[in-house]
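Colleague: The structure that follows is given in the form of structure tokens.
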Amino acid sequence: EIAKFSNIGFLSSKGFQNLTALEELWIFYCPKLASLPEDLPPSLLKLRIYECPLLKQHCKKGKGREWFKIAHIPRVQIDGRSVYELEEEEL
């Protein structure tokens, strides 16, 4: 869980290098967060993002600049809705 960092703009890959068994990650209330680590663990099965407006825009299915980092994750939710079910305009 990464929560309530009001001034964080990005997450470094260094913090995730040894988390090879991480299956679920929650990121919430980080209003300035605009990017994810380059190498999220391949073990990640669920990513939940809530109240991170910049990250929400960058994770648009198929065309957001962060999409390639999360496309392999089976369950991705942004503000409580599956990113795979949302229309691009809603994201």
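Colleague: Through the Karplus equation 6.51 cos²θ - 1.76 cosθ + 1.60, θ set to phi - 60°, convert the phi angles of the stretch 34-39 into ³J(HN,Hα) values in whole Hz; use x for Gly and Pro.
Modeller: Whole-Hz 3J(HN,Hα) from phi for the stretch 34-39: 10, 8, 9, x, 5, 10.
Colleague: Where both partners of a DSSP beta bridge lie in the chain, what percent of those bridges are antiparallel, to the nearest 5?
Modeller: Beta bridges within the chain, antiparallel portion: roughly 15 percent.
Colleague: Please tell me the relative contact order of the chain in percent, rounded to the nearest whole number, where contacts are Cα pairs under 8 Å and at least six residues apart.
Modeller: Dividing the mean separation by the residue count of the chain yields 25 percent.
Colleague: Here is a follow-up. Taking every pair of Cα atoms in the chain, average 1/r, invert it to obtain the Kirkwood radius, and report Rg/Rh to two decimals.
Modeller: Reported Rg/Rh (Cα atoms, Kirkwood Rh): 0.92.
Colleague: Once you put a point 7 Å from the Cα of ASN7 and another 7 Å from the Cα of TYR84, both along the Cβ direction, what distance in nm separates them?
Modeller: With each label point 7 Å from Cα toward Cβ, the separation is 3.9 nm.
Colleague: Skipping prolines and chain starts, which residues have an amide H placed within reach, meaning under 5 Å, of the one on GLN77, given they are 5 or more residues away or on another chain?
Modeller: LEU47, ARG48, ILE49, VAL83
Colleague: Continuing with the same structure: Given 0.36 nm per residue, what is the gain on full extension from HIS72 to GLN17 after removing their alpha carbon distance, in nm?
Modeller: The span from HIS72 to GLN17 would gain 18.1 nm if fully extended.
Any read-out appearing in this document is the output of simple, stated calculations on the displayed coordinates, not a laboratory observation. As the structure is a computational prediction, the values presented were derived from the model and not from experiment. Here the Cβ is made from the backbone with ideal geometry for all residues, glycine too, and neighbour counts use every protein chain on show.
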